[in-house]
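A.B. asks: I have a structure here, written as C-alpha cells, and I will follow up with some questions on it.
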Amino acid sequence: MKKRAANMIIEQLVLHGVDYVFGVTGKAISPLIDALIDFDSIQFIATKHETGAALMAYGYAQGTGKIGVCCGTTGGGSTNLATGVATAFMNSIPLLVVTGQVSTFEFGKGAFQESTGQGQSINTVDFFKSISKASIFIDSVDNIREKIDHAIQLATTGRMGPVHINIPFNLQLAELPIPDVETSIATNHNKDNACFDSDVIEAVQLLVESINPVFLIGWGAVLSGAHRDIISIAERYDIPVATTIQGKGGIPSNHYLCLGIFGVCGHSMASDYIFEHADLVIAVGTTFGEFSTFNWDDRVVSNKKMIQIDIDHREIGKNYPVTLGINGDASVIARLLKVELERINPSPKNSGRQVEEMIDRIGRVINPHLMDSLQVPLKPQRVMKEIRDNTPDNTLFLADSGAHWAWAMHYLHVHHGGGFYPTLGLGSMGASICSSVGIKLAKPDHPVVCICGDGSFLMYGNEITTAGHYNVPVIWIILNDARYNLPSHSIKKMFDRTIGVDFREINFSKLAEVYGLKGYRIEKPGDLSIALQESLYLNSPVVIDVVIDPDEMPPLGRRKLTV
C-alpha cells in the first residue's frame with residue numbers, strides 16, 4: 001500500500017488537532033489542497049488573497065493556542081503571504097506556512113512562477129528566512145511526516161513563531177509506502193521552565209521589600225496565559241496592574257486594580273503610577289518597544305527596581321537595565337511566584353487605594369464628556385462608548401494600525417480577560433480585518449468585533465467575502481473619516497502640511513451589500529447602538545460604517561516625535 005506525500009502531510013495536521021487550513025489554490029500547491037478532500041476533520045478556507053490566509057491562520061492560532069496553517073502556490077502566491085507571516089513572526093504566533101514549488105525537473109528552466117532562485121527568479125526559501133523561525137526546502141519526501149512534526153514543534157516551542165516549508169509539485173504527488181508504525185507527534189508549546197528556583201526566590205524577596213510594586217503585563221503574558229496568575233497575585237497582595245499596548249485586555253478594564261494602558265494612547269493613571277509612585281516594576285512578556293515606553297522614557301526605570309520576565313533571553317535588559325532578569329515561560333514563572341508568595345504569605349501592599357484615588361482625581365480616560373457627545377459627525381469617543389455599552393462582556397475585540405486603534409486603545413473597555421487581540425507588532429493596516437475571521441473560528445461562542453479605519457478597510461476589506469462565503473459572523477465597525485487620520489495629524493504636526501492622506505468618502509455599507517453582506521451606515525448618535533443589537537441577533541457577518549469627525553485628534557498622549 002502506498003500513499004501520496006500530500007496526504008501524509010494532512011494526516012500529520014489532523015494528529016496535531018488542526019481544524020482549518022487557510023489559503024489560495026494554484027497548481028504548485030494543488031496536491032496538498034486536493035488531499036484535504038479526503039479528511040472530514042479539516043476544512044479548507046479559500047481566501048481572496050494569500051495575505052488574508054496568513055492573517056486568518058494567525059487569528060486562529062491566537063484564539064486556540066494551536067498551530068495555525070496557511071498555504072499558497074509558488075511565485076506571487078508565496079510572496080503574497082509575507083505580511084501575514086511577518087505579523088505572526090513579530091507577535092510570536094505559531095504558524096505552519098506551506099508553499100508549493102515547480103517540479104524538481106523544471107528547476108532553472110524558467111517554468112511559470114518558478115521561485116527557486118535559479119536563473120532570474122526569486123528564492124522563496126530565502127525570502128521567508130527573515131520573517132520566520134525557519135524556512136525549509138523539502139528536497140526529499142522520505143520521512144515527510146517526521147519533517148512536518150519537526151516544523152510544528154519548532155513553531156510551537158520556545159518563543160513561538162511561523163515556520164515555512166517549500167515543497168515541489170512532483171514531491172507532493174510522490175507515492176510513498178505507508179509506514180508500519182505510527183510516528184509520534186510533537187507536543188504543543190513547551191512549558192519547560194528555564195529559570196532557577198533562586199530567581200523566583202529573589203523576585204519574591206524584591207516584591208516583599210518594595211512599597212509600591214506594579215505589574216506591567218505585555219502580550220507575552222497574555223499569549224502564555226500568565227496574566228491569570230498575575231491577576232490572582234495582584235488581588236491577594238493588592239498590587240496595581242498596568243498593561244502595555246499589546247497587552248490590552250490582559251486585565252479587565254473595569255478591574256479595581258487596573259491602571260489601564262502604559263504607553264502611547266494609554267492612560268494617565270498607568271504612566272503616573274509607574275513614573276511617580278512605583279519602586280518596583282515587574283514586567284512580564286514585554287519588549288519595551290517605542291510605543292509602550294513613550295520613546296524609551298528614562299522614567300520607566302529611574303528611582304526604582306525592575307524585574308523582567310521573558311521567554312526570549314535577548315529581550316531581557318535590551319532597552320532598560322534590570323535588577324533581575326528571569327528567562328523562561330511566563331506562565332510557568334508566574335505560577336512559581338504565586339506558590340512562593342503563598343508559602344511565605346507576606347502582608348498585602350494596600351496599594352489599591354492609590355488606584356482608587358487616581359480614578360477619583362484624574363479618571364480613567366481624557367475628556368470623558370465626549371463619550372456622551374451628541375455632535376455630528378460622531379465623536380470617536382462616543383463611538384467607543386456605544387460599542388462597549390451594546391456588546392456582551394465576553395466580546396472579543398480587535399484593532400490594528402491607525403487612528404481607530406488609538407481610539408480603541410484609550411476608550412474601549414475590555415471586560416473579558418484576554419479579550420483583545422493585537423496585530424500591532426508589524427503595524428500592518430487592515431490586518432485585524434482578516435485575523436478576526438480566524439479568531440471567530442477559534443472562539444465561536446464569543447461575539448467578535450473588529451474596529452477598523454476606512455483606510456484599513458480599503459486594503460483588506462475584500463476578505464469580508466470570505467467570511468460571508470463560510471458564514472463566519474464577525475462584526476466590522478469602520479471609523480469613516482475619508483483619510484489616513486493618524487498620519488494626517490502626525491505628519492501635519494511635523495511639517496505643517498500633508499500630501500496623500502485624503503481620499504474620497506466611500507459608503508462601505510453599500511460595498512458590504514455588493515459583497516452580499518448586511519451593511520449599516522451610521523451618521524447620528526444612538527444609531528450604532530441599534531445596529532449593534534441587530535447585528536448580534538443576526539449572527540452573520542456585518543459591516544457597520546460609522547461617519548466620524550475627521551478633525552478630532554487621536555489620543556496620542558505623551559508621545560514624543562523624534563528625528
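Taken together, the values in this text are just the output of simple stated rules run on the coordinates, not laboratory data. A quick note: this is a predicted structure, and the numbers were derived from the prediction, not measured. Don't worry about glycine lacking a Cβ; one is built from the backbone with ideal geometry, like all the others, and counts go over all protein chains shown.
A.B. asks: Could you give the length gained by full extension between residue 530 and residue 366, i.e. 0.36 nm per residue of separation minus their alpha carbon distance, to one decimal place?
C.D. replies: 56.4 nm
A.B. asks: How far apart, in nm, are the 7 Å Cα→Cβ label points at residue 173 and residue 39?
C.D. replies: Between residue 173 and residue 39, the simple spin-label model gives 2.1 nm.
A.B. asks: In whole Hz, with x marking every Gly and Pro, tabulate ³J(HN,Hα) for segment 156-162 from phi via Karplus 6.51 cos²θ - 1.76 cosθ + 1.60, θ = phi - 60°.
C.D. replies: These are the phi-based 3J(HN,Hα) values: 9, 10, x, 6, 5, x, x Hz.
A.B. asks: Something else about it: Fewest Cβ neighbours within 10 Å first, please rank 132, 30, 78, 436 accordingly.
C.D. replies: Least to most surrounded, the residues fall as 30, 132, 78, 436.
A.B. asks: HN-Hα J couplings of segment 11-22 from phi, Karplus 6.51/-1.76/1.60, θ = phi - 60°, integer Hz, Gly and Pro as x?
C.D. replies: Per residue, the Karplus-derived 3J(HN,Hα) values read 4, 5, 5, 4, 5, 8, x, 6, 9, 9, 10, 9 Hz.
A.B. asks: Right, another one. Compute the orientation-averaged projected area for the chain from the convex hull of its Cα atoms and round it to one decimal in nm².
C.D. replies: For the chain, averaging the hull's shadow over all directions gives 26.9 nm².
A.B. asks: Using the reciprocal of the averaged 1/r over all distinct C-alpha pairs, how large is the Kirkwood radius of segment 201-276 in Å?
C.D. replies: Radius from the Kirkwood sum: 12.5 Å.
A.B. asks: Suppose the chain between residue 1 and residue 471 were pulled fully straight at 0.36 nm per residue; how much longer would it get relative to their current alpha carbon spacing?
C.D. replies: Stretched fully, the residue 1-residue 471 segment lengthens by 165.3 nm.
A.B. asks: May I ask you to evaluate 6.51 cos²θ - 1.76 cosθ + 1.60, the Karplus curve with θ = phi - 60°, for each residue of segment 393-403 and list the ³J(HN,Hα) values in order in whole Hz, giving x for glycine and proline?
C.D. replies: 4, 8, 5, 9, 10, 9, 7, 10, 8, x, 4
A.B. asks: Hey, another quick one. Residue 295 versus residue 109, label points 7 Å from Cα toward the beta carbon: distance in nm?
C.D. replies: Simple spin-label model gives 5.8 nm for this pair.
A.B. asks: Could you tell me which chymotrypsin sites (Phe, Trp or Tyr not before Pro) in segment 474-563 are loop residues by DSSP with no more than 15 other beta carbons within 10 angstrom of their beta carbon?
C.D. replies: Answer by residue number: 503.
A.B. asks: Need the C-alpha centroid separation for segment 358-416 versus segment 202-233, integer Å.
C.D. replies: 27
A.B. asks: Continuing with the same structure: With r as the distance between the Cβ atoms of residue 276 and residue 339 and R0 = 35 Å, compute the FRET efficiency 1/(1 + (r/R0)^6) and round to 0.05.
C.D. replies: 0.65
A.B. asks: Counting DSSP beta bridges with both partners in the chain, what percentage is antiparallel, nearest 5?
C.D. replies: Here the antiparallel bridges make up roughly 5 percent for the chain.
A.B. asks: Quick check: the distance between the Cα centres of segment 279-299 and segment 151-181, to the nearest angstrom?
C.D. replies: Cα centres, segment 279-299 to segment 151-181: 38 Å.
A.B. asks: If I take every Cα pair under 8 Å that is 6 or more residues apart in the chain, average their sequence separation and divide by the length, what percent do I get for the relative contact order?
C.D. replies: Taking the mean separation of contacting Cα pairs over the length of the chain, I get 13 percent.
A.B. asks: On a full-extension model of 0.36 nm per residue, what is the gain between residue 375 and residue 208, subtracting their alpha-carbon distance, rounded to one decimal in nm?
C.D. replies: 55.1 nm
A.B. asks: Could I ask something else about it? Would you please name the chymotrypsin sites (Phe, Trp or Tyr not before Pro) within segment 1-45 that are DSSP coil residues with at most 16 other C-beta atoms within 10 Å of their C-beta?
C.D. replies: Loop-located and lightly packed - 39.
A.B. asks: Also, I was wondering about something else. Find the relative contact order for segment 422-500 and round it to a whole percent, using C-alpha pairs within less than 8 Å whose residues are 6+ positions apart.
C.D. replies: Across segment 422-500, relative contact order equals 30 percent.
A.B. asks: Which trypsin sites (Lys or Arg not before Pro) in segment 258-321 sit in a loop by DSSP (not H, G, I, E or B) and have at most 15 other Cβ atoms within 10 Å of their own Cβ?
C.D. replies: Filter output for segment 258-321: 318.
A.B. asks: Could you work out the helix-only [θ] at 222 nm for the chain, with each DSSP H run of four or more residues adding -39,500 (n - 2.57) and the total divided by the number of residues, to the nearest 500 deg cm²/dmol?
C.D. replies: -10500 deg cm²/dmol
A.B. asks: Find the relative contact order for segment 368-547 and round it to a whole percent, using C-alpha pairs within less than 8 Å whose residues are 6+ positions apart.
C.D. replies: Dividing the mean separation by the residue count of segment 368-547 yields 24 percent.
A.B. asks: If each of residue 551 and residue 198 carries a label point 7 Å out from its Cα toward its Cβ, how far apart are those two points in nm?
C.D. replies: It is 6.4 nm.
A.B. asks: Now for a separate question. Counting DSSP beta bridges in segment 2-177, what percent are antiparallel, to the nearest 5?
C.D. replies: Beta bridges within segment 2-177, antiparallel portion: roughly 15 percent.
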